[in-house]
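One structure coming up, written as C-alpha coordinates, with questions to follow.
The values are calculated or read from the model by the stated rules, or taken from the named source; none is laboratory data. Being a predicted model, the structure only gives us computed values, none of them experimental. Virtual Cβ from ideal backbone geometry, glycine too; neighbours counted across all protein chains shown. These area figures cover heavy atoms from the full protein model, side chains too; ligands, DNA and RNA do not enter into them. Shrake-Rupley method; radii C 1.70, N 1.55, O 1.52, S 1.80 Å.
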Amino acid sequence: KFDPLEIEREKGVIIEEINLYEDTPSRKIGEIYEELLYGDTPLGWDIAGQAQIIREIQRQDFLDYTSGLYSPANTVVVISGALDGQMPAVKNLVTASLGLWDTTKTFDYLKTQDNQIKPAVKVVYKKTEQAHLALGVRGYNLTHPDRYALGVLSTILGGGMSSRLFIAVRERRGLAYYVHSGAEHYADVGHFVTLAGVDLKKIDEAVKVILDEYIAVTPRGCAGRHTRGVSSEELTKAKEFLKGRLILELEDSKSVAGLFGTNELLEGKIETPEEIMAKIDKITLEDLQRVAKDIFKPEKLNLAVIGPFKDRQRFENLLK
(Lines give C-alpha, C1' and ligand atoms only; values in the text may rest on other atoms or scores of the structure.)
Protein backbone atom coordinates (compact mmCIF):
# COMPACT_ATOMS: atom_id res chain seq x y z
CA LYS A 1 0.00 0.00 0.00
CA PHE A 2 2.84 2.40 0.82
CA ASP A 3 0.49 4.26 3.12
CA PRO A 4 1.81 7.88 3.42
CA LEU A 5 1.12 7.86 7.17
CA GLU A 6 3.14 4.68 7.62
CA ILE A 7 5.94 6.11 5.50
CA GLU A 8 6.15 9.18 7.70
CA ARG A 9 6.20 7.01 10.82
CA GLU A 10 8.92 4.75 9.41
CA LYS A 11 11.12 7.74 8.55
CA GLY A 12 11.60 8.37 12.26
CA VAL A 13 12.49 4.72 12.84
CA ILE A 14 15.17 4.76 10.13
CA ILE A 15 16.66 8.04 11.30
CA GLU A 16 16.97 6.60 14.80
CA GLU A 17 18.64 3.55 13.29
CA ILE A 18 21.18 5.86 11.65
CA ASN A 19 21.74 7.56 15.01
CA LEU A 20 22.33 4.13 16.54
CA TYR A 21 25.08 3.40 14.01
CA GLU A 22 26.63 6.81 14.61
CA ASP A 23 26.81 6.01 18.33
CA THR A 24 28.26 2.54 17.69
CA PRO A 25 31.73 3.05 16.18
CA SER A 26 32.43 -0.69 16.03
CA ARG A 27 29.60 -0.94 13.48
CA LYS A 28 30.19 2.42 11.81
CA ILE A 29 33.86 1.83 11.03
CA GLY A 30 33.04 -0.61 8.23
CA GLU A 31 30.94 2.04 6.49
CA ILE A 32 33.72 4.61 6.88
CA TYR A 33 36.20 2.16 5.37
CA GLU A 34 34.04 1.61 2.28
CA GLU A 35 33.55 5.36 1.92
CA LEU A 36 37.34 5.64 1.84
CA LEU A 37 37.64 2.93 -0.82
CA TYR A 38 34.77 3.80 -3.11
CA GLY A 39 33.98 7.47 -2.47
CA ASP A 40 30.85 9.00 -3.99
CA THR A 41 29.60 5.81 -5.67
CA PRO A 42 26.83 3.37 -4.67
CA LEU A 43 29.42 1.13 -3.00
CA GLY A 44 30.71 4.09 -1.01
CA TRP A 45 27.29 5.30 0.14
CA ASP A 46 25.98 4.45 3.58
CA ILE A 47 23.32 1.76 3.16
CA ALA A 48 21.10 3.34 5.83
CA GLY A 49 21.04 6.61 3.88
CA GLN A 50 21.15 10.23 5.03
CA ALA A 51 18.62 11.71 7.42
CA GLN A 52 17.97 14.76 5.23
CA ILE A 53 17.12 12.63 2.19
CA ILE A 54 14.99 10.22 4.22
CA ARG A 55 12.89 13.11 5.51
CA GLU A 56 12.15 14.16 1.92
CA ILE A 57 11.10 10.75 0.54
CA GLN A 58 7.50 10.55 -0.71
CA ARG A 59 5.17 7.71 -1.67
CA GLN A 60 5.91 8.10 -5.39
CA ASP A 61 9.63 7.59 -4.74
CA PHE A 62 8.81 4.12 -3.40
CA LEU A 63 6.62 3.28 -6.40
CA ASP A 64 9.30 4.40 -8.86
CA TYR A 65 11.99 2.49 -6.99
CA THR A 66 10.10 -0.80 -6.77
CA SER A 67 9.07 -0.71 -10.44
CA GLY A 68 12.70 -0.16 -11.42
CA LEU A 69 14.13 -2.80 -9.13
CA TYR A 70 11.61 -5.65 -8.93
CA SER A 71 10.70 -7.39 -12.19
CA PRO A 72 10.40 -10.97 -13.52
CA ALA A 73 13.47 -10.21 -15.64
CA ASN A 74 15.76 -10.08 -12.60
CA THR A 75 13.93 -12.37 -10.19
CA VAL A 76 14.84 -15.90 -9.12
CA VAL A 77 12.46 -18.06 -7.10
CA VAL A 78 14.26 -20.65 -4.97
CA ILE A 79 12.40 -23.39 -3.11
CA SER A 80 14.41 -25.39 -0.58
CA GLY A 81 13.36 -28.31 1.59
CA ALA A 82 12.01 -31.86 1.45
CA LEU A 83 10.37 -31.51 -1.98
CA ASP A 84 10.42 -35.07 -3.32
CA GLY A 85 7.40 -35.50 -5.59
CA GLN A 86 6.13 -31.98 -4.92
CA MET A 87 7.78 -30.02 -7.72
CA PRO A 88 4.71 -29.98 -10.01
CA ALA A 89 2.67 -28.47 -7.18
CA VAL A 90 5.44 -25.98 -6.42
CA LYS A 91 5.64 -24.86 -10.05
CA ASN A 92 1.87 -24.46 -10.18
CA LEU A 93 1.99 -22.33 -7.03
CA VAL A 94 4.72 -20.07 -8.47
CA THR A 95 2.84 -19.72 -11.76
CA ALA A 96 -0.41 -18.90 -9.99
CA SER A 97 1.29 -16.34 -7.75
CA LEU A 98 3.66 -14.66 -10.21
CA GLY A 99 2.51 -15.69 -13.68
CA LEU A 100 0.76 -12.39 -14.41
CA TRP A 101 3.59 -10.20 -13.12
CA ASP A 102 4.36 -7.57 -15.75
CA THR A 103 7.94 -7.09 -16.86
CA THR A 104 9.30 -3.57 -16.36
CA LYS A 105 12.60 -1.96 -17.28
CA THR A 106 14.96 -2.36 -14.33
CA PHE A 107 17.82 -0.23 -13.10
CA ASP A 108 21.40 -0.98 -14.05
CA TYR A 109 24.09 -0.42 -11.46
CA LEU A 110 26.98 2.01 -11.67
CA LYS A 111 30.15 -0.03 -11.88
CA THR A 112 33.08 0.84 -9.63
CA GLN A 113 36.75 0.75 -10.58
CA ASP A 114 39.65 -0.22 -8.32
CA ASN A 115 42.10 2.52 -9.19
CA GLN A 116 44.55 3.30 -6.39
CA ILE A 117 48.12 4.49 -6.74
CA LYS A 118 48.99 5.44 -3.15
CA PRO A 119 47.91 4.63 0.43
CA ALA A 120 44.73 6.34 1.65
CA VAL A 121 43.57 7.42 5.11
CA LYS A 122 40.22 8.66 6.43
CA VAL A 123 39.93 9.90 10.03
CA VAL A 124 36.55 10.61 11.62
CA TYR A 125 36.85 12.65 14.80
CA LYS A 126 34.72 11.40 17.68
CA LYS A 127 35.21 11.48 21.43
CA THR A 128 35.43 7.79 22.26
CA GLU A 129 36.99 5.63 24.95
CA GLN A 130 38.37 3.30 22.32
CA ALA A 131 39.83 3.82 18.85
CA HIS A 132 38.19 1.86 16.04
CA LEU A 133 40.17 1.12 12.93
CA ALA A 134 39.79 -0.64 9.60
CA LEU A 135 43.01 -1.46 7.80
CA GLY A 136 42.87 -3.23 4.47
CA VAL A 137 43.65 -3.47 0.78
CA ARG A 138 41.92 -3.81 -2.58
CA GLY A 139 40.93 -7.39 -3.27
CA TYR A 140 38.96 -9.46 -5.80
CA ASN A 141 35.48 -9.38 -7.27
CA LEU A 142 32.86 -12.11 -7.03
CA THR A 143 34.04 -14.13 -10.02
CA HIS A 144 37.81 -13.77 -9.59
CA PRO A 145 39.62 -17.13 -9.63
CA ASP A 146 41.56 -16.24 -6.46
CA ARG A 147 38.44 -15.43 -4.44
CA TYR A 148 38.62 -18.65 -2.41
CA ALA A 149 42.37 -18.38 -1.88
CA LEU A 150 41.82 -14.93 -0.39
CA GLY A 151 39.16 -16.44 1.86
CA VAL A 152 41.66 -18.96 3.20
CA LEU A 153 44.30 -16.26 3.70
CA SER A 154 41.73 -14.08 5.48
CA THR A 155 40.93 -16.97 7.83
CA ILE A 156 44.59 -17.49 8.68
CA LEU A 157 45.10 -13.79 9.39
CA GLY A 158 41.94 -12.90 11.29
CA GLY A 159 39.28 -15.59 11.04
CA GLY A 160 38.96 -16.67 14.64
CA MET A 161 40.46 -16.86 18.12
CA SER A 162 43.44 -18.85 16.90
CA SER A 163 44.17 -16.55 13.95
CA ARG A 164 47.45 -14.67 13.68
CA LEU A 165 45.99 -11.22 14.27
CA PHE A 166 43.85 -12.27 17.24
CA ILE A 167 46.94 -13.73 18.89
CA ALA A 168 49.32 -10.89 17.92
CA VAL A 169 47.03 -7.93 18.63
CA ARG A 170 44.89 -9.16 21.53
CA GLU A 171 46.46 -12.14 23.25
CA ARG A 172 50.14 -11.16 23.18
CA ARG A 173 49.89 -7.39 23.48
CA GLY A 174 46.45 -6.68 24.92
CA LEU A 175 45.85 -3.89 22.41
CA ALA A 176 42.25 -4.73 21.51
CA TYR A 177 39.07 -6.44 22.62
CA TYR A 178 37.86 -7.29 19.13
CA VAL A 179 40.03 -7.89 16.09
CA HIS A 180 39.00 -9.84 13.01
CA SER A 181 39.50 -9.91 9.25
CA GLY A 182 37.25 -10.54 6.28
CA ALA A 183 37.01 -10.29 2.51
CA GLU A 184 34.12 -8.72 0.59
CA HIS A 185 33.45 -9.70 -3.03
CA TYR A 186 31.14 -7.49 -5.09
CA ALA A 187 30.16 -7.91 -8.74
CA ASP A 188 32.88 -5.56 -9.98
CA VAL A 189 35.40 -5.05 -7.13
CA GLY A 190 36.36 -6.42 -3.73
CA HIS A 191 38.51 -5.81 -0.68
CA PHE A 192 40.14 -7.38 2.35
CA VAL A 193 40.05 -5.63 5.73
CA THR A 194 40.94 -6.06 9.39
CA LEU A 195 38.70 -4.37 11.96
CA ALA A 196 39.76 -3.68 15.54
CA GLY A 197 38.84 -1.66 18.62
CA VAL A 198 42.06 -0.65 20.34
CA ASP A 199 43.51 1.37 23.23
CA LEU A 200 43.54 5.07 22.29
CA LYS A 201 47.14 5.44 23.36
CA LYS A 202 48.28 2.36 21.44
CA ILE A 203 46.61 2.76 18.09
CA ASP A 204 49.92 3.40 16.34
CA GLU A 205 51.30 0.15 17.72
CA ALA A 206 48.14 -1.72 16.69
CA VAL A 207 48.42 -0.46 13.11
CA LYS A 208 52.08 -1.48 12.95
CA VAL A 209 51.34 -4.96 14.32
CA ILE A 210 48.58 -5.53 11.75
CA LEU A 211 50.86 -4.34 8.94
CA ASP A 212 53.62 -6.65 10.19
CA GLU A 213 51.23 -9.61 10.02
CA TYR A 214 50.25 -8.68 6.47
CA ILE A 215 53.88 -8.54 5.46
CA ALA A 216 54.71 -11.75 7.31
CA VAL A 217 52.50 -13.85 5.01
CA THR A 218 54.03 -12.48 1.82
CA PRO A 219 56.83 -14.35 0.03
CA ARG A 220 59.14 -11.33 -0.10
CA GLY A 221 61.33 -9.41 2.25
CA CYS A 222 60.67 -5.91 3.54
CA ALA A 223 63.25 -3.69 5.17
CA GLY A 224 63.40 -4.48 8.87
CA ARG A 225 60.35 -6.77 8.82
CA HIS A 226 60.18 -10.53 9.10
CA THR A 227 58.54 -12.69 6.44
CA ARG A 228 57.61 -16.25 7.32
CA GLY A 229 54.89 -17.19 4.84
CA VAL A 230 52.17 -19.72 5.69
CA SER A 231 52.70 -23.25 6.99
CA SER A 232 51.02 -26.42 5.72
CA GLU A 233 49.36 -26.81 9.11
CA GLU A 234 47.84 -23.33 8.92
CA LEU A 235 46.58 -24.00 5.40
CA THR A 236 44.89 -27.26 6.40
CA LYS A 237 43.35 -25.74 9.50
CA ALA A 238 41.95 -22.76 7.57
CA LYS A 239 40.44 -25.01 4.90
CA GLU A 240 38.68 -27.16 7.48
CA PHE A 241 37.45 -24.04 9.29
CA LEU A 242 35.89 -22.64 6.11
CA LYS A 243 34.31 -25.94 5.09
CA GLY A 244 32.96 -26.52 8.58
CA ARG A 245 31.46 -23.05 8.73
CA LEU A 246 29.80 -23.55 5.33
CA ILE A 247 28.24 -26.82 6.48
CA LEU A 248 26.93 -25.21 9.66
CA GLU A 249 25.51 -22.25 7.73
CA LEU A 250 23.56 -24.58 5.45
CA GLU A 251 21.83 -26.53 8.21
CA ASP A 252 18.55 -24.68 7.63
CA SER A 253 16.59 -24.50 4.36
CA LYS A 254 16.56 -20.70 4.31
CA SER A 255 20.37 -20.56 4.06
CA VAL A 256 20.40 -23.21 1.33
CA ALA A 257 17.90 -21.17 -0.70
CA GLY A 258 19.97 -18.04 -0.08
CA LEU A 259 23.16 -19.70 -1.38
CA PHE A 260 21.59 -20.95 -4.60
CA GLY A 261 19.61 -17.77 -5.22
CA THR A 262 22.66 -15.56 -4.75
CA ASN A 263 24.75 -17.76 -7.05
CA GLU A 264 22.14 -17.65 -9.80
CA LEU A 265 21.49 -13.91 -9.53
CA LEU A 266 25.06 -12.65 -9.20
CA GLU A 267 27.13 -15.32 -10.96
CA GLY A 268 24.63 -16.79 -13.40
CA LYS A 269 25.34 -20.35 -12.26
CA ILE A 270 24.73 -22.73 -9.40
CA GLU A 271 27.56 -24.07 -7.27
CA THR A 272 26.72 -26.84 -4.85
CA PRO A 273 28.31 -26.89 -1.38
CA GLU A 274 30.37 -29.87 -2.53
CA GLU A 275 31.73 -27.90 -5.48
CA ILE A 276 32.60 -24.96 -3.25
CA MET A 277 34.42 -27.20 -0.78
CA ALA A 278 36.31 -28.86 -3.65
CA LYS A 279 37.59 -25.42 -4.71
CA ILE A 280 38.72 -24.74 -1.15
CA ASP A 281 40.50 -28.10 -1.00
CA LYS A 282 42.48 -27.31 -4.17
CA ILE A 283 44.09 -24.18 -2.72
CA THR A 284 47.85 -24.53 -2.24
CA LEU A 285 50.54 -22.67 -0.35
CA GLU A 286 51.67 -21.26 -3.69
CA ASP A 287 48.19 -19.82 -4.24
CA LEU A 288 48.33 -18.04 -0.89
CA GLN A 289 51.79 -16.67 -1.64
CA ARG A 290 50.63 -15.35 -5.00
CA VAL A 291 47.55 -13.68 -3.50
CA ALA A 292 49.48 -12.16 -0.59
CA LYS A 293 52.11 -10.78 -2.93
CA ASP A 294 49.41 -9.34 -5.17
CA ILE A 295 47.27 -7.54 -2.59
CA PHE A 296 49.64 -6.55 0.22
CA LYS A 297 51.35 -3.68 -1.55
CA PRO A 298 51.97 -0.24 0.01
CA GLU A 299 50.03 1.58 -2.70
CA LYS A 300 46.93 -0.56 -2.02
CA LEU A 301 46.74 0.14 1.73
CA ASN A 302 43.70 1.88 3.20
CA LEU A 303 43.18 2.94 6.82
CA ALA A 304 39.95 4.30 8.33
CA VAL A 305 39.89 5.49 11.95
CA ILE A 306 37.16 6.65 14.34
CA GLY A 307 38.35 8.33 17.54
CA PRO A 308 39.51 11.57 19.16
CA PHE A 309 42.12 12.21 16.46
CA LYS A 310 42.55 15.14 14.06
CA ASP A 311 46.03 14.53 12.66
CA ARG A 312 45.60 12.50 9.47
CA GLN A 313 49.28 12.85 8.60
CA ARG A 314 50.12 10.84 11.71
CA PHE A 315 48.32 7.82 10.26
CA GLU A 316 49.54 8.39 6.72
CA ASN A 317 53.09 8.13 8.03
CA LEU A 318 52.30 4.69 9.50
CA LEU A 319 51.45 3.34 6.03
CA LYS A 320 54.70 4.43 4.39
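Stokes-Einstein diffusion coefficient for the stretch 206-309 at 4 °C in a medium of 1.567 mPa s, Rh from the Kirkwood formula over Cα pairs: what value in µm²/s?
The diffusion coefficient I find is 78 µm²/s.
Sticking with this one: Among 139, 81, 182, whose mean-square fluctuation peaks in a Gaussian network model of the chain (Cα, cutoff 10 Å)?
Result for the chain, Cα springs under 10 Å: 81 fluctuates most.
According to a simple spin-label model (label point 7 Å from Cα along Cα-to-Cβ), what is the distance in nm between residue 265 and residue 128?
The modelled label-to-label distance comes out at 3.0 nm.
Report the label-to-label distance for residue 87 and residue 188 in nanometres (one decimal), using points 7 Å from each Cα along the Cα→Cβ vector.
Going from the residue 87 label point to the residue 188 one covers 3.7 nm.
Still on this structure: Within the set of other residues whose C-beta is less than 15 Å from the C-beta of residue 155, count the net charge using Lys and Arg as +1 and Asp and Glu as -1.
Local charge sum for residue 155: -2.
Where both residues lie in the chain, what percent of DSSP beta bridges are antiparallel, nearest 5?
80
Excluding ligands, DNA and RNA, what is the solvent-accessible area per residue of the stretch 193-275 at a probe of 1.4 Å, expressed in Å²?
I get 54 Å² per residue for the stretch 193-275.
Another question, then. Evaluate the charge dipole of the stretch 1-128 about its Cα centre and quote only its size in Debye, nearest 20, assuming +1 on the Cβ of each Lys and Arg and -1 on the Cβ of each Asp and Glu.
The calculation lands at about 240 debye.
Turning to a different aspect of this structure: Charges only on Cβ, +1 for Lys and Arg, -1 for Asp and Glu: so what's the dipole of the stretch 93-167 about the Cα centre, in debye to the nearest 20?
Once rounded to the nearest 20, the dipole reads 380 debye.
Return the distance in nm (one decimal) between the two label points of a simple spin-label model at residue 320 and residue 63, each offset 7 Å from Cα along Cα→Cβ.
Here the answer is 5.9 nm between the modelled labels.
Helix-only mean residue ellipticity at 222 nm, the chain, DSSP H runs n ≥ 4 weighted -39,500 (n - 2.57), per residue, nearest 500. What is it?
That comes out to -14000 deg cm²/dmol.
Taking a temperature of 4 °C and a viscosity of 1.567 mPa s, what whole-number D in µm²/s does Stokes-Einstein yield for the stretch 116-161 with Rh from Kirkwood over alpha carbon pairs?
95
What FRET efficiency, computed as 1/(1 + (r/R0)^6) with R0 = 30 Å and r the Cβ-Cβ distance, is obtained for residue 101 and residue 144, rounded to the nearest 0.05?
0.30
With unit charges on the beta carbon (Lys/Arg positive, Asp/Glu negative), name the residue among 79, 7, 29 whose Cα is farthest towards the positive pole of the charge dipole of the stretch 1-79.
Of 79, 7, 29, it is 79.
Roughly how many Å² of residue 140 are accessible to a 1.4 Å probe, to the nearest 10?
The accessible area comes out at roughly 10 Å².
Pull out the extension gain between residue 173 and residue 79, defined as 0.36 nm times the separation in residues minus the alpha carbon to alpha carbon distance; nm, one decimal.
29.0 nm
Once you have the alpha carbon radius of gyration of the chain, what is it after dividing by 2.2 N^0.38 Å, with N set to its residue count?
Relative to the 2.2 N^0.38 Å estimate, the chain comes out at 1.14.
Something else: Would you list 126, 320 from the most to the least accessible area, probe 1.4 Å?
320, 126
Could you give the length gained on full extension between residue 286 and residue 240, defined as 0.36 nm per residue of separation minus the Cα-Cα distance, in nm?
Separation in residues times 0.36 nm, less the Cα-Cα distance, equals 14.7 nm.
In whole Å, how far is the Cα centre of the stretch 252-320 from that of the stretch 228-248?
Taking the Cα centre of the stretch 228-248 as reference, the centre of the stretch 252-320 is 15 Å away.
If you roll a 1.4 Å probe over the chain with all protein chains in place, what percent of the accessible area is carbon or sulfur?
54
Give me the base-10 log of I(q)/I(0) for the stretch 42-150 at each q in 0.22, 0.23 Å⁻¹, Debye formula, one uniform scatterer per Cα, rounded to two decimals.
Rounded to two decimals, the profile gives -1.27, -1.31.
Still on this model: About the Cα centre of the chain, what is the dipole size in debye to 20, counting +1 per Lys and Arg Cβ and -1 per Asp and Glu Cβ, all else neutral?
1380
Considering the chain as a Gaussian network with a 10 Å cut-off on Cα pairs, which listed residue, 175, 150, 248, attains the greatest mean-square fluctuation?
248
For every other residue with a beta carbon closer than 14 angstrom to the beta carbon of residue 202, add +1 if it is Lys or Arg and -1 if Asp or Glu, then tell me the sum.
Net of charged neighbours comes to +2.
Pick out which of 302, 19, 141 has the largest mean-square fluctuation in a Gaussian network model of the chain, springs linking Cα atoms closer than 10 Å.
19
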